Structures are given as C-alpha cells and as structure tokens.
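Enquirer: Attaching a single structure in structure tokens format; questions to follow.
The values are calculated or read from the model by the stated rules, or taken from the named source; none is laboratory data. Note that this is a predicted model, so its numbers are computed, not measured. Please note: Cβ atoms are built from the backbone with ideal geometry, for glycine as well, and neighbour counts cover all protein chains shown. What goes into the accessible areas is simple: the full protein's heavy atoms, side chains included, and nothing from ligands, DNA or RNA. Shrake-Rupley method; radii C 1.70, N 1.55, O 1.52, S 1.80 Å.
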Amino acid sequence: MDIIVLTCLFVFLLIMKVTDYIKNSKETIFSFEIIPPLKGKGIEDICAGIDPLMEFKPPFINVTYHREEYEYKKMGNGLLKKVSVKKRPGTVGICAALMNRYKVDAIPHIICGGFTKEETESALIDLKFLGVDNVLALRGDPMKNEAAFVPTEGGSKYAVDLINQIKDMNNGQYLYEETKNSPSNFCIGAAGYPEKHFEAMNLNSDMKHLKKKVDAGAEFIVTQLFYDNEKYFSFVKKCRDIGITVPIIPGLKPLTTLRHLSFIPKFFHVNFPEELSNELEKCKTNEEVQKIGVEWSIKQAKELIKKEAPVLHFYTMGKGEAVRKIASQVF
Ligand code: FAD
C-alpha cells in the first residue's frame, strides 16, 4: 500500500502543464507521439521504441487514440457478420504506464468520434484520477467506411465542442449536474494545419475555426506534420495576425519507407517541397528513403530550433530509430 501511495505521489509531483514546460524552458523542447500497439501486443513493444529516445529528456509524450472500425468476420455458420473492432485500444492505460515508468507527463489524445459526451466525461474523470493534466482535444477522422465525419449521437461534432466540455469540467461544471463539482485542471491542446485541414474550404476559414478552439480554451496547438518549414512559419504568422497567441508546436515525421512517399501526402494531405521530392524520386529502397528522410528532418529541425520553435514534436508511428538519429544531431 505504501509503495502504491509513494508511486502515486511521485507521479503527482512530476505533473506539469505543457504550457509551463514551455514557459520554463530556455531551449526548444524535444517531445514525441506514440501510437498504442495492435490489440494483443504487450507494453514492451512500445517501450522498445521509447527507451532509445529517453536520453533526449522529453518532458511529455503524446499517446494517440484510435476509434473502432467495422469489419466483416466469418462466423461458425460460414456467414459474414459486421463487427465493431478496436484495433489499438489502451490509450489511457499506456499513459499511466508511461508516467509510472519514465516519470514523464503523458498526453492522451481525446476524440469526439465514437464517444457520447457522457462517455467523454467518464474518460476525463479517469484521467483526472490518474493525475493526467494535459490532453489533446481532437475531432477524429471519419471512419474508414464513411465519406464524411459523422458525430456519435449525443457526442461532439467538432473539436471546439469537446474543448468547451473540458473547459466546463475545469470550471467544476459536469454534464447534467446542477451544482458545481471538483474542478479538473486540464491544459488543453488542439490540432492546427499549416497546409489546411483537408475538409476546410480554404486556409483562412480553417484558421477561423482554429481561433474558435483557442478562444474556447485551447492553450497550445500541435501542428499536422509538414516538410516545408516555410508553411509552418507562415502559419504561425497568420495565427499571430488573427490574435492566436498560444504556443504552436511543430510536428515532424521523418520519411523512412518507399510507401511513405505516396501514403503521407495522401493520408495527411501535405505536400513535399520540390527539393525533397526530386531527391526522393531517385530512391529505390527503404534505406535510401530513410537516409534522405532523416537528413531532411535534421535540416528542418535545425532551422526550427534556430527560429525558436517552442518544442519539436516527432511523430514516431512506432519507429523510434529514425527519430533517435535526428534527435542525436540536434539536441
Ligand atoms: P476540428 O477542429 O473539429 O476541424 C475539423 C474540420 O471542421 C476542419 O476542416 C475545420 O475547419 C472545420 N470546422 C471546425 N469547426 C467548425 C465549425 N464550428 N463549423 C464548420 N466547420 C468547422 N485522429 C485520431 O483519430 N486520433 C488521434 O490520436 C489523432 N491525433 C492527432 C494529432 C494531431 C497533432 C493532429 C494534427 C491530428 C490528429 N488526428 C487524430 C487527426 C484529426 O482527428 C483529424 O485531422 C480530424 O479530421 C480533424 O480533427 P480536428 O481536431 O482538427 O477537428
């Protein structure tokens, strides 16, 4: 019992808000995002990717959330049945494990898709009890079989609605409760898109929606990955011009496989600058892509640090080795 109390206390003492880490640091901070392993895999699979990155002292690690997917499974009678499957569950448990094992803050991603507001409230209560003080609030993508995002009945339609709900909890206002309750203390992050969110009519309208998220209570922004730093610098300037003053954390993802060359532009709706695509066109193997991808990210990272980006946030997507190579050159 004493050990449990001590562990909880130790974790508790380390908890800080992302905005405080940024405020207290004179240098650009290193951080990264991981995705939960496929269902059935162990925590060792994630730790194997994280261990080599800990020497760069990330104060926080993000953990993505993956909603359910529909699949057709063959039943005993030979007929197919449509079932709902969560292929990468465990975000909250992983956050607790990371805080315990590495003494860092873990930032769970919270999404609207697949959740009623009440389920969201329960998830936030779990996080509050665990001592998680930072969350990244997102809408989530449409499900694989959906052409457009469909909100869950009784759930949030846009990330801003989710931010409003979290902010209400921070003010002690829970759903359907007439009296105020124990307030939560979440530092809320939101997503930003230097090359525009794929559904937005144009960058300016997307940025107006981003401003609404900040006005509702988002205290920091994490950007979609990008390969052209000018896009990030121009995005930051546009944000400042419309009155968004919160820290804007750039997201970086090194290219490591031939598959990335088509998958990343298609899935994340980003462009490679011509200087990069000209080099990538010559690649015949994954190793060649990785060499160029890592060199490119190092160049991006050095420039972002020089221009005083608050944090460099790496998308590891389960592959920590390339990120380690980059971090060892720039941190
Ligand atoms: P929103 O801010 O709600 O915006 C969605 C679209 O609606 C935009 O086009 C916006 O311009 C528009 N819009 C916003 N508000 C309004 C309004 N009031 N009226 C009309 N239009 C509006 N997905 C996951 O499933 N799990 C994750 O863990 C995850 N992590 C991510 C981390 C980062 C850093 C980023 C950048 C993305 C992540 N995503 C994740 C993907 C994200 O869920 C998708 O990009 C999703 O399509 C949009 O999410 P959002 O929070 O930006 O949505």
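Enquirer: Between Phe220, Phe235, which is crowded, with 21+ Cβ neighbours inside 10 Å and farther than 21 Å from Phe272 by Cβ?
Expert: Among Phe220, Phe235, only Phe220 is crowded, with 21+ Cβ neighbours inside 10 Å and farther than 21 Å from Phe272 by Cβ.
Enquirer: Another question, then. Pull up the range 75-113, narrow it to residues that are within 16 Å of the ligand (Cβ to nearest atom) and hydroxyl-bearing (Ser, Thr, Tyr), then point me to the one that is nearest to Gly251 (Cα to Cα).
Expert: By that ranking, first place goes to Thr91.
Enquirer: Go through (1) of a type in the set (Lys, Arg); (2) in contact with a strand residue (DSSP E or B) (Cβ under 7 Å, 6 or more places away or on another chain); (3) surrounded by fewer than 20 Cβ atoms within 10 Å (Cβ to Cβ) one by one and return the number of the condition Lys211 breaks.
Expert: (2)
Enquirer: On to the next question. Scan the range 205-225 for residues that are more than 10 Å from the ligand (Cβ to nearest atom) and either within 21 Å of Thr316 (Cα to Cα) or free of Cβ contacts under 8 Å to residues at least 12 places away in the same chain (or both) and jot them down.
Expert: If the condition is that a residue be more than 10 Å from the ligand (Cβ to nearest atom) and either within 21 Å of Thr316 (Cα to Cα) or free of Cβ contacts under 8 Å to residues at least 12 places away in the same chain (or both), then Asp215, Phe220 are the ones that fit.
Enquirer: State whether one or more residues within the range 65-75 are without any contact (Cβ under 8 Å) to a residue 40 or more places away in the chain and under 22 Å from Pro108 (Cα atoms). Steps first, please.
Expert: Start the filter on the range 65-75 by keeping residues that are without any contact (Cβ under 8 Å) to a residue 40 or more places away in the chain, which leaves 66, 71-75.
Narrowing the set further to residues that are under 22 Å from Pro108 (Cα atoms) leaves 66.
Yes, the range 65-75 contains at least one residue that is without any contact (Cβ under 8 Å) to a residue 40 or more places away in the chain and under 22 Å from Pro108 (Cα atoms).
Enquirer: Looking only at the range 45-56, count how many residues are touching a strand residue (DSSP E or B) at 6+ places or on another chain (Cβ under 7 Å) and within 19 Å of Ile15 (Cα to Cα). Even if it seems obvious, please write down each step before you answer.
Expert: In the first step, residues of the range 45-56 are kept if they are touching a strand residue (DSSP E or B) at 6+ places or on another chain (Cβ under 7 Å); the result is 46, 49-50, 53, 56.
Cutting the leftovers down to within 19 Å of Ile15 (Cα to Cα) gives us 56.
Of the residues in that region, 1 qualify.
Enquirer: Among the candidates Glu281, Glu288, Glu275, single out the residue that is in contact with a Lys or Arg (Cβ under 8 Å, 6 or more places away or on another chain) and free of Cβ contacts under 8 Å to residues at least 12 places away in the same chain.
Expert: None of the other options fit; the residue is Glu288.
Enquirer: Next question, about the same structure. Applying the selection to the range 115-128, what residues are in contact with a strand residue (DSSP E or B) (Cβ under 9 Å, 6 or more places away or on another chain) and within 15 Å of the ligand (Cβ to nearest atom)?
Expert: Within the range 115-128, Thr120, Ala123, Leu127 qualify.
Enquirer: While we're looking at this one, here's another question. Can you name the residue in the range 49-74 that is away from the ligand (no atom under 16 Å from the Cβ) and open to solvent by 70 Å² or more (accessible area, probe 1.4 Å) and is also nearest to Ser328 (Cα to Cα) among such residues?
Expert: Here is the first cut: in the range 49-74, the residues away from the ligand (no atom under 16 Å from the Cβ) are 49-57, 59, 71-74.
Checking the rest, the ones that are also open to solvent by 70 Å² or more (accessible area, probe 1.4 Å) come to 51, 55, 57, 72-74.
Numbers: Asp51: 14, Glu55: 9, Lys57: 12, Tyr72: 45, Lys73: 45, Lys74: 48 Å.
Restricting to residues being away from the ligand (no atom under 16 Å from the Cβ) and open to solvent by 70 Å² or more (accessible area, probe 1.4 Å), the top hit is Glu55.
Enquirer: Just the residues that are closer than 18 Å to Ile264 by Cβ and open to solvent by 10 Å² or more (accessible area, probe 1.4 Å), please, taken from the range 301-319.
Expert: Across the range 301-319, the qualifying residues are Tyr315, Met317, Gly318, Lys319.
Enquirer: Out of the range 151-183, which residues are surrounded by fewer than 15 Cβ atoms within 10 Å (Cβ to Cβ) and within 12 Å of the ligand (Cβ to nearest atom)?
Expert: Lys157
Enquirer: Quick check, is Leu255 out of contact with any Pro (no Cβ under 6 Å at 6 or more places or on another chain) and over 14 Å from Phe30 (Cα atoms)?
Expert: yes
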